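Novice: Take a look at the following structure, please.
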Amino acid sequence: MATKITNDLVFRNLPRRAPESHKGSYGKVLALCGCSKYRGAAALCVCGALRAGAGLVTLAAEESVISAVAQRVMEPVYLPLPDEDGLSLAASKSTVCVAGCGKEATPATAQEMKTALGASSGTVVLDAGGLCSLADDKLFLMGLSGRLIVTPHPGEMARLTGRSVREIEADRGATALSFARESGAVTVLKGHRTLVATPWGELYENGTGNAGLARGGSGDILAGIIAGLAAQGLEPWQAAVCGVYLHGLAADRCARRLSMQGMLPSDILADLRAIFLENNR
Ligand SMILES: NC(=O)C1=CN([C@@H]2O[C@H](COP(=O)(O)OP(=O)(O)OC[C@H]3O[C@@H](n4cnc5c(N)ncnc54)[C@H](O)[C@@H]3O)[C@@H](O)[C@H]2O)[C@@H](O)CC1
Ligand SMILES: Nc1ncnc2c1ncn2[C@@H]1O[C@H](COP(=O)(O)OP(=O)(O)O)[C@@H](O)[C@H]1O
């Protein structure tokens, strides 16, 4: 039986900003995201982390991605790739690594993920191509146990488990729970009524969100929001539970403002900040 994620559960777990705090108080996010084909995914992920409240966000990516993102958003710091030593160093200094949005699931991506995530010691949010590139390396994923959050949609869960999307959708709860138990990762199985499963057997169901989110880029923003929350000190399960709820709540508010038909993933960021404002954050 899944626990419904409520407004009270989320805002009880969300940190407040103390008057005497500084950027270091809210964590460093390293985003290892984007490729020349998927530049927008990197921008959306970075913006999600910034709007969720992270203190500093660094984007590690190839130059074509950096120049595209830098035209849209001014706050991130950039680490141009390839730079294996620079990537390891940045990962070792980060509070959270969010990796894989806008990456293709290739052996080169898997190697890049291993370089960064192996050097990090904080929370890891692994999404999209980064996650799928490691689908056959469960030992590596298990090595991140206790600090790993994975955010597959049903198609990605199919690649991770070798089962069909139809089988996964037929029993989403059991799928998420068994993947979480076997991998040691807090598992966010996305879709209508996203589930969050913990390695110790808890299952949360999210009731926010709507079909306006059913377009490319919504998941990239979610990964960034979860990373931004984890950077502020939330445990992996708290960041996942709060992240999926706030992402969906922002989308519901956005749909009332702009319609499900016309809203874009990036539009929900204005609603996320309004939700924080309405809740005195
Ligand atoms: N603007 C950008 O740069 C964007 C980049 N993106 C990146 O594109 C790459 C490929 O990701 P995609 O997810 O598009 O492609 P994938 O090939 O990983 O997955 C797409 C397939 O997964 C299945 N699927 C997904 N959600 C489902 C659901 N809720 N229920 C049932 N089946 C479902 C469907 O079969 C679908 O055709 C990733 O790296 C991603 O980050 C996308 O996020 C789209 C936007
Ligand atoms: N019908 C829907 N109802 C609620 N949430 C949805 C719906 N469709 C998509 N979403 C949400 O939008 C996001 C889509 O993520 P994903 O499939 O990874 O897309 P992308 O990789 O293109 O960004 C997920 O958070 C998912 O839960």
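Novice: Any residue at all in the stretch 200-208 that's free of Cβ contacts under 8 Å to residues at least 40 places away in the same chain and either open to solvent by 10 Å² or more (accessible area, probe 1.4 Å) or within 22 Å of residue 106 (Cα to Cα) (or both)? Give the derivation first.
Specialist: Here is the first cut: in the stretch 200-208, the residues free of Cβ contacts under 8 Å to residues at least 40 places away in the same chain are 200-201.
Now narrow it down to the ones that are either open to solvent by 10 Å² or more (accessible area, probe 1.4 Å) or within 22 Å of residue 106 (Cα to Cα) (or both): 200-201.
So far as the stretch 200-208 goes, yes, one or more of its residues are free of Cβ contacts under 8 Å to residues at least 40 places away in the same chain and either open to solvent by 10 Å² or more (accessible area, probe 1.4 Å) or within 22 Å of residue 106 (Cα to Cα) (or both).
Novice: I'm trying to understand the selection: among the residues of the stretch 51-63, which are away from ligand 2 (no atom under 16 Å from the Cβ), buried (at least 24 other Cβ atoms within 10 Å of the Cβ) and either closer than 26 Å to residue 271 by Cβ or not small (Gly, Ala, Ser) (or both)?
Specialist: 54, 57, 59
Novice: Of the residues 48, 27, which single one is open to solvent by less than 50 Å² (accessible area, probe 1.4 Å) and either more than 16 Å from ligand 2 (Cβ to nearest atom) or out of contact with any helix residue (DSSP H, G or I) (no Cβ under 6 Å at 6 or more places or on another chain) (or both)?
Specialist: None of the other options fit; the residue is 27.
Novice: Checking the condition closer than 24 Å to residue 58 by Cα, within 14 Å of ligand 1 (Cβ to nearest atom), open to solvent by less than 10 Å² (accessible area, probe 1.4 Å) and modelled with pLDDT of 95 or more, which residue from 231, 223 passes?
Specialist: 223
Novice: Which ones in the stretch 155-185 are under 15 Å from residue 3 (Cα atoms) and in contact (Cβ under 8 Å) with a residue 40 or more places away in the chain?
Specialist: The one that is under 15 Å from residue 3 (Cα atoms) and in contact (Cβ under 8 Å) with a residue 40 or more places away in the chain: 173.
Novice: Kindly check whether there is at least one residue in the stretch 64-72 that is loosely packed, with under 15 Cβ neighbours inside 10 Å, away from ligand 2 (no atom under 16 Å from the Cβ) and not in a helix (DSSP H, G or I).
Specialist: No, the stretch 64-72 contains no residue that is loosely packed, with under 15 Cβ neighbours inside 10 Å, away from ligand 2 (no atom under 16 Å from the Cβ) and not in a helix (DSSP H, G or I).
Novice: Ok, one more. Report, ordered by the first and then the second residue, all pairs with beta carbons closer than 8 Å, sequence separation of six or more or different chains, a first member in the stretch 102-121 that is over 14 Å from residue 60 (Cβ atoms) and within 16 Å of ligand 2 (Cβ to nearest atom), and a second member that is open to solvent by 30 Å² or more (accessible area, probe 1.4 Å) and assigned to a helix (DSSP H, G or I).
Specialist: Matching pairs, first to second residue: 105/159.
Novice: Which residue pairs have Cβ atoms under 8 Å apart, sit 6 or more places apart or on different chains, and have a first residue in the stretch 232-250 that is on the phi > 0 side of the Ramachandran plot and a second that is surrounded by 23 or more Cβ atoms within 10 Å (Cβ to Cβ)?
Specialist: Close Cβ pairs satisfying both conditions: 233/27.
Novice: Another question, then. Considering only the stretch 180-199, state which residues are in contact with a strand residue (DSSP E or B) (Cβ under 9 Å, 6 or more places away or on another chain), part of a helix (DSSP H, G or I) and surrounded by fewer than 22 Cβ atoms within 10 Å (Cβ to Cβ).
Specialist: Just the residues of the stretch 180-199 that are in contact with a strand residue (DSSP E or B) (Cβ under 9 Å, 6 or more places away or on another chain), to begin with: 180-181, 183-189, 193-199.
Narrowing further to those that are part of a helix (DSSP H, G or I): 180-181, 183.
Once the filter is applied, which keeps residues that are in contact with a strand residue (DSSP E or B) (Cβ under 9 Å, 6 or more places away or on another chain), part of a helix (DSSP H, G or I) and surrounded by fewer than 22 Cβ atoms within 10 Å (Cβ to Cβ), the stretch 180-199 yields 181, 183.
Novice: Kindly indicate whether residue 10 is within 19 Å of residue 218 (Cα to Cα) and either of a type outside the set (A, V, I, L, M, F, W, C) or open to solvent by less than 60 Å² (accessible area, probe 1.4 Å) (or both).
Specialist: So residue 10 fails the test.
Novice: Taking the stretch 108-149 as the search range and keeping residues that are open to solvent by less than 20 Å² (accessible area, probe 1.4 Å), at negative phi and small (Gly, Ala, Ser), which one is farthest from ligand 1 (Cβ to nearest atom)?
Specialist: The selected residue is 122.
Novice: Here's a follow-up. Just for the stretch 209-220: of the residues that are under 12 Å from residue 48 (Cα atoms) and in contact with a Ser or Thr (Cβ under 8 Å, 6 or more places away or on another chain), which one is surrounded by the most Cβ atoms within 10 Å (Cβ to Cβ)? Outline the logic, then answer.
Specialist: If we filter the stretch 209-220 for residues that are under 12 Å from residue 48 (Cα atoms), which is where we start, we get 217-220.
Next, from what is left, pick out any that are in contact with a Ser or Thr (Cβ under 8 Å, 6 or more places away or on another chain): 217, 219.
Details: 217: 19, 219: 25.
Filtering first and then ranking leaves 219.
Novice: Can you tell me which residues in the stretch 261-276 are under 22 Å from the mean Cα position of the chain (by Cα) and open to solvent by 50 Å² or more (accessible area, probe 1.4 Å)?
Specialist: Correct list: 264, 266, 273.
Novice: For the condition open to solvent by less than 10 Å² (accessible area, probe 1.4 Å), farther than 15 Å from residue 156 by Cβ, touching a strand residue (DSSP E or B) at 6+ places or on another chain (Cβ under 9 Å) and not acidic (Asp, Glu), what is the one hit in 101, 97?
Specialist: Going through 101, 97 in turn, the sole match is 97.
The values are calculated or read from the model by the stated rules, or taken from the named source; none is laboratory data. For clarity, every value in this text was computed on a predicted model and none was experimentally measured. Every residue, glycine among them, receives a Cβ derived from its backbone with ideal geometry; neighbour counts consider all protein chains shown. Surface areas here come from the heavy atoms of the whole protein model, side chains and all, with no ligands, DNA or RNA. Shrake-Rupley method; radii C 1.70, N 1.55, O 1.52, S 1.80 Å.
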